[in-house]
Amino acid sequence: MSSEWFHAHNGQQAGPLSFSQLQELARSGQLQATDQIWQEGTPAWVAAERVPGLLPRASSPQAAPAPPLAPVIARLPVTLHDLGRLFRIAQIVCWGICLAVLLVGGLLFLMTLAGSESAPQEAAAGAVFSTFFIGAYALARCVEKLSAVFASK
């Protein structure tokens, strides 16, 4: 394979260049990751970022370290204490929903039970009531756990 390389930047082609000359262009910022690269004998032009060893490590996206979260959290307008308070309110609301489901569901269950004519109808009424109650209870418990997590911070 030939050691002559070509590159295209903003529609302008340049070359032939050696691989080390391409690397120098990349280090100086004149060759971008999205620029097209071609070498004689290859089927098509490819992005410079796909040519192994061409771009400096610092410019590759996977080499950039993730920013620390502490400064980001410090700039948030809501503190963890505020979140704990919001979850506590949500917990009270969820337990209220659970109580309402228990009362209304229990009343509807008793009405259905009184008017049922067969065992399957009674079983269906019990299953519907218990499903709604278990769902409301699970929601209230989840919010309670989240509230405890944020209250302890």
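Using the Cα gyration tensor of the stretch 5-63, with a ≥ b ≥ c the square roots of its eigenvalues, what is the shape: rounded (a/c below 1.5), prolate (a/b larger than b/c) or oblate (neither)?
It is prolate, given that a/c is not under 1.5 and a/b is the larger ratio.
In what order do VAL46, VAL101 fall by count of nearby beta-carbon atoms within 10 Å, going from fewest to most?
Numbers: VAL46 13, VAL101 19.
Ordered by Cβ neighbours within 10 Å, fewest first: VAL46, VAL101.
Nearest 0.05, what FRET efficiency do SER118 and ILE92 give at R0 = 30 Å with Cβ-Cβ as r?
So the FRET efficiency works out to roughly 0.15.
Going toward the positive end of the dipole of the stretch 71-151, with +1 on Lys and Arg Cβ and -1 on Asp and Glu Cβ, which of GLY84, TRP95, GLY135 do you reach last?
GLY84
Quick one: TRP5, TRP45, fewest Cβ neighbours within 10 Å first, how do they rank? Present the calculation step by step, with values, prior to reporting the outcome.
Details: TRP5 21, TRP45 14.
Ordered by Cβ neighbours within 10 Å, fewest first: TRP45, TRP5.
When you count, for each residue, the other Cβ atoms within 10 Å and take the mean per peptide, how do 112-122, 9-19 rank with the highest first?
On the way: 112-122: 10.7, 9-19: 12.3.
Ranked from most to least packed, the peptides come out as 9-19, 112-122.
If one puts a single equal scatterer on every Cα of the stretch 71-151 and applies the Debye formula without solvent, what log₁₀ I(q)/I(0) results at q = 0.20 Å⁻¹?
Reported log10 I(q)/I(0), two decimals: -0.84.
Bear in mind that the values in this text are calculations on the coordinates, not laboratory data. This one's a predicted model, so the numbers in the text were calculated from it and none came from an experiment. Cβ sites come from the backbone with ideal geometry, for glycine too, and all protein chains shown count toward neighbours.
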